Amino acid sequence: MSDPRVQPAPSTVLARAYGLPGAVLERLPVGQVTVNYRARVADTVLFVKQYPGGGGDLERERQAVEQSRLAGLHQVPVASVRPSTDGQSVVERDGVALSVWEWVPGAIVDGAFNRAQQRAAGAALGRIHTAFADHPAGRGPSAKLARWLHPDLGHLDATVGKLLAVAGERARPDAFDAQALRTLAERRAVLHHVPALLAGLPPLTCQVLHGDYSAVNLLFRGDELTAVLDFLPPDPFAVAYELGRIAFDPRTVVLDQDWIASGVNLVRAYLETGPRLPAADVTACARVALLQLLTSLYGVKQHYLAPGLLQDDLDRFWLLRHAAAQRLLERLGEVESALAEAAHRH
């Protein structure tokens, strides 16, 4: 009799649930929540996503797969899910939950997008928002947006203080500790800008979005966008948030000398394929991106309180996001003027 405490390897689940025996798995260095693999079965290459903790809410994962399928119907390049032998998009066997996808050629762009890649990313996001504009889940107010518009700055300041204390008390401080002490002190010093930035926002258009439209979820082969990955379950939020997040991605803001023009270039491509978004939302997208950066401690918080799967990547991302927040704050007026011009021309 087998030991029920021993979970089968993903390859065993592939054999049992997908009729894919003998799969050879190679773990990929991507993903902070799921564990991802390249699977080779004879001459076939597949992508396997293993969900944590036995899968959690698999119905929500299935909803996310459906979002990807819906976007694909609107000319968005997406990976195709391979159903199990009983037709499931996400399966769980003996505590192991996973989904299987057709392999899509392409790679994540490590640096800033070039002009063609910006336009491809903007156009694809426009098609996604058009596809989801009338999604039933987007009807009614967004509780998530209401919370986002009222950040607990006292708690945020206290968390910064806690992280500063942990970093400052390390017995053997390393290079990142020194960077963390500097950047956390700088972040604390600019938190007083948040109320005024929030007060300057217009009423924000809200609908179902991709949910995590970022550079790490876009595959490119040269200038061609080959796949948009990792849609989230339908949950309405501000359109300006998702647009600003990709247009003023920290890689663009920090690594591209002409980052304002680059961000506006992506926004123009979005406007050509996206739903009719009020000019006020377009103009506000950089402000929304800045607010998200200023009120987030993602990366450094994990470093000191709960390390992630790929913490070195998170450390670098914290430093990049912090530098981007500083630049956006310094030049926000210039950025918003350029966005307003692009919106009104469209």
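Annotations
- Theoretical gain in end-to-end length, residue 280 to residue 172 [0.36 nm per residue, Cα-Cα removed]: 33.9 nm
- Kirkwood Rh (inverse of mean 1/r, distinct Cα pairs), the chain, angstrom: 21.6
- Top positive-direction residue, dipole computed over region 131-272 with Cβ charges, set 219, 145, 161: 161
- Tensor-based shape of region 115-235 (alpha-carbon gyration tensor, a/c under 1.5 rounded, otherwise prolate or oblate): oblate
- Calculated FRET efficiency, residue 43 to residue 75, Cβ-Cβ distance, R0 = 41 Å: about 0.90 to the nearest 0.05.
- Ordered by the number of other Cβ atoms lying within 10 Å of each residue's own Cβ, fewest first, 11, 68 fall into the sequence 11, 68.
- Charge tally in the Cβ shell below 15 Å around residue 19, where Lys, Arg are +1 and Asp, Glu are -1, residue 19 excluded: +2
- Of the DSSP H helices in the chain, those whose Cα atoms cover at least 18 Å axially and whose Kyte score averages -1.0 or more: 115-132, 153-168, 175-190, 259-273, 279-294, 311-330, 332-345
- Contour excess over end-to-end distance, with Cα ends at residue 162 and residue 261 and 0.36 nm allotted per residue: 31.9 nm
- In this simple spin-label model, placing a label point 7 Å from the Cα along the Cα-to-Cβ direction at both residue 88 and residue 153 gives a separation of 4.8 nm.
- Taking the DSSP beta bridges with both ends in the chain, the antiparallel portion is around 95 percent.
- Part-to-part distance (alpha-carbon centres) for region 283-334 and region 93-113, which is given in Å: 24
- Nearest-0.05 FRET efficiency for residue 185 and residue 135, computed from C-beta distance (R0 51 Å): 0.75
- Residue among 321, 182, 38 with the largest mean-square fluctuation in a Gaussian network model of the chain, springs linking Cα atoms under 10 Å: 182
Each value in this text was obtained by applying a stated rule to the coordinates, not by laboratory testing. Just so it is clear, the model here is predicted, and its values are computed rather than measured. FYI the Cβ positions are ideal-geometry reconstructions off the backbone, even for glycines, and counts take in every protein chain you see.
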